[in-house]
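J.: Let me begin by handing over the structure; questions about it come next.
Every number here is computed from the coordinates shown, using simple stated rules; none is lab data. Fair warning: this is a prediction, and the values are worked out from it, not measured in the lab. In this analysis, Cβ positions are derived from the backbone assuming ideal geometry, glycine residues included, and neighbour counts consider all displayed protein chains.
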Amino acid sequence: MKISGQLTVDDLPRIAPLLCRATNPRYGEDQTRIVEVCGVRFGNGRPVVIGGPCAVENHDQTLAVAHAVKRAGADMLRGGAYKPRTSPHDFQGTGVEGLCILRIAREETGLPIVTEVMDTRLVEQVAEYADMIQIGSRNMQNYTLLAEVARTGRPVLLKRGMAASLCEWLGAAEYIAKQGNLNIVLCERGIKAFAAGEYSRYVLDLNVIPAVLANTFLPVIVDPSHATGVASMVEPASRASLEFGAHGLMIEVADFATGRPRCDADQAINGETLARIAKFARHHHERLMFSHQAV
Ligand code: PEP
Ligand code: MN
């Protein structure tokens, strides 16, 4: 017996007809719809590397990290001006001041910006500063927010809810698509499972990557920082994600010389590690091109 409301990928043509492969045969079995953000192209084969601080704390910290990200050869800058924190007593981000700092970082480095919005009332404000708008894990099913963000016309980075199934994730993406905005990049960021803080923060669900690729034409990237919560795991998790077919990575970076980050310090890597990951990503792509040519 199938309980009503219980979903499987067979339900995707009904849940997400605008985005699933089965109802969009022009994408065939393996074509990806390229999403472009200021010249950075997600889904064209070359993995996109996004780096930056967890939170935009102040000018010097953000600019130091932004320049390190640029030097590492990454493609885009991340950083939360508005932070979803477990406790309301914790640092909540720097808001519009943080957005202004991100704008300066973009001017200085030329890196496009992705930053999160959590509140429908702030969508217009964030859209003014962001080249790509991030919907965080906690808001993946905030359907009003999804629609509002979609209507800005900005490309959207949709993180997977930490306990969301593939169908729920693609159903959420469909809310964005329904507003006429197909510029959506999915981001796996780890799910709730047994690890529960014993040896990692979340569980990186590598297995979902080929499932995403099989079921939708949207690009998908991985955030190995939140998925593991442990800086030493970020580099191997990045490599594994690319081996599983991810179209890119979003990684938290810190410049410890300007101080310890106020959030997620344990998972932040430095610029040199990011440079190694970016190099691996470039070579991974070249290796794949070579092996395709060789066939
Ligand atoms: C983030 O990327 O800044 C973030 C808060 O991650 P998540 O929404 O996946 O927890
Ligand atoms: Mn973080």
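J.: Please count how many residues of the stretch 186-211 are closer than 18 Å to residue 171 by Cα, charged (D, E, K, R) and away from ligand 1 (no atom under 11 Å from the Cβ).
T.: Qualifying residue count for the region: 0.
J.: Quick check on the stretch 51-90: of everything there that is basic (Lys, Arg) and under 23 Å from residue 275 (Cβ atoms), which residue is farthest from the chain's Cα centre (by Cα)?
T.: The qualifying residue farthest from the chain's Cα centre (by Cα) is 71.
J.: Could you identify the single residue in 160, 154 that is in contact with a Cys (Cβ under 7 Å, 6 or more places away or on another chain) and of a type in the set (D, E, K, R)?
T.: The conditions single out 160.
J.: Pairs only if they're at least six apart or on different chains, beta carbon under 7 angstrom, first in the stretch 265-286 and over 14 Å from residue 247 (Cα atoms), second part of a helix (DSSP H, G or I) and polar (S, T, N, Q); list them, first residue then second.
T.: Filtered contacts from the stretch 265-286: 267/225; 267/228.
J.: Please list, ordered by residue number, the helices (runs of 4 or more DSSP H) wholly in the stretch 212-295 having 3 or more residues that are under 17 Å from residue 49 (Cβ atoms) and away from ligand 1 (no atom under 16 Å from the Cβ).
T.: Passing ranges, in order: 231-243, 271-294.
J.: Give the stretch 159-181 a look and list any residue that's touching a residue at least 60 places away in the same chain (Cβ under 8 Å) and over 16 Å from the mean Cα position of the chain (by Cα), or say none.
T.: 165, 167, 168, 171, 174, 177, 178
J.: Within the stretch 213-236, work out how many residues are surrounded by 24 or more Cβ atoms within 10 Å (Cβ to Cβ) and among the aliphatic types (A, V, I, L, M).
T.: 6
J.: To continue, here is another question. Within the stretch 211-227, is there a residue that is of a type in the set (Phe, Trp, Tyr), away from ligand 2 (no atom under 16 Å from the Cβ) and touching a Phe, Trp or Tyr at 6+ places or on another chain (Cβ under 6 Å)?
T.: The answer is yes; a qualifying residue exists.
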